[in-house]
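First the structure, in the form of structure tokens, and then the observations on it.
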Amino acid sequence: MAKSAPYYTTGSLSAAHYDVVTGADARLSGDEEVYAGLAAPGARVLELGAGTGRLTAALAQRGFAVTGVDIAPAMLDQAQARIAGLEPEARARVTLRRGDMTALDLKQTFDLVICPYFTLAHVPAGTAWRNTFGVAARHLPGAGLAAFHLPRLDIMRAPGPADPSLPVFSQALDDGGRLLMYLRERTFRDGINRLDQVLEYVVADSAGRPLRRSQERLTFYMTDPEPLAAAAGLALDRPPVELGGVGDIWVFRPA
Ligand SMILES: C[S@@+](CC[C@H](N)C(=O)[O-])C[C@H]1O[C@@H](n2cnc3c(N)ncnc32)[C@H](O)[C@@H]1O
């Protein structure tokens, strides 16, 4: 595998440009509505892997009281800045915490736990998944729902672009420059259902001259979540909700 830094680490371009990339990703459209539809207005929501606060802020603006937890300081810093820009009423409904979703114990309960945008797929599909389902169950008071957005295996298995010299992402930046992303490696391992990708981020100036490059490693794991959730005391509440043709939101309730 090419020399690369993990995704979302401090100083990484994946963290710095997360909102640019995610904001242009139509495959995520509608996830906010799905999560908002899982709890009553004003409900308490725990977001595992809150990232830059994309959903944390949106749900707070809808009236939910949201606690967002993330392991990466570079993502949480951006979330803090986003929340600071909210109207005071919405801002007061948000709590941000650094923490590991596989071992979290906030000693409080919520009406809804969400783990959006493939966040669970960032950790190995085994003990780490079971522990994260256990964290969700621990933070529900024997009622409520836990929603996990997971990738589809057939999409993970699909080959990369035919021409790797072409960017898989290209977007103008506010400063007149451009962010480009190239898929440098993509390996799917059957059996363990693990997808390893190396994405090269390139930030170019308005004349197209590269200013910064960084190769960053993004790994996804997938398995049938039901048995691991069941082992943690969660039962599937409804058929998975398809989102954007690349994943499903799996909704569980305390068994
Ligand atoms: C794809 S982003 C999702 C961010 C946000 N929820 C959204 O939907 O835009 C995944 C986030 O999960 C975080 N993450 C990965 N492993 C984690 C863990 N073990 N505990 C908490 N956060 C984790 C990453 O730092 C990253 O911010």
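Just so you know, all these numbers are worked out from the coordinates, no wet-lab data involved. Just so it is clear, the model here is predicted, and its values are computed rather than measured. Glycine also receives a Cβ, built like all others from the backbone with ideal geometry; neighbour counts cover every protein chain displayed.
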Mean Cα-pair separation over length for the range 62-154, i.e. relative contact order, pairs under 8 Å, 6 or more apart, %: 30
In degrees, nearest ten, helix 73-84 long axis to first principal axis of the chain (Cα): 70
In range of the label at Asp190: residues from the range 223-246 whose backbone nitrogen is under 12 Å from the point 7 Å along Cα→Cβ: none
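Can you compute the FRET efficiency between Ala81 and Phe169 using 1/(1 + (r/R0)^6), with r the Cβ-Cβ distance and R0 = 25 Å? Round to the nearest 0.05.
Working: r = 23 Å, r/R0 = 0.92.
Rounded to the nearest 0.05, the efficiency is 0.60.
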Separation of alpha-carbon centers, the range 21-80 and the range 96-156, rounded to whole Å: 13
Spatial extent of the chain: Rg and Dmax, with the Cα atoms as the point set, Å: 18.2, 58
Considering only the chain, percent of DSSP beta bridges that pair antiparallel, nearest 5: 65
Spin-label zone in the range 50-65 - amide nitrogen under 16 Å from a point set 7 Å from the Cα of Ala92 along the C-beta vector: 60-65
Label-point separation in nm, Val20 to Lys3, each point 7 Å along Cα→Cβ: 2.4
Mean separation of Cα contacts under 8 Å, 6 or more apart, over the residue count of the chain: relative contact order %: 20
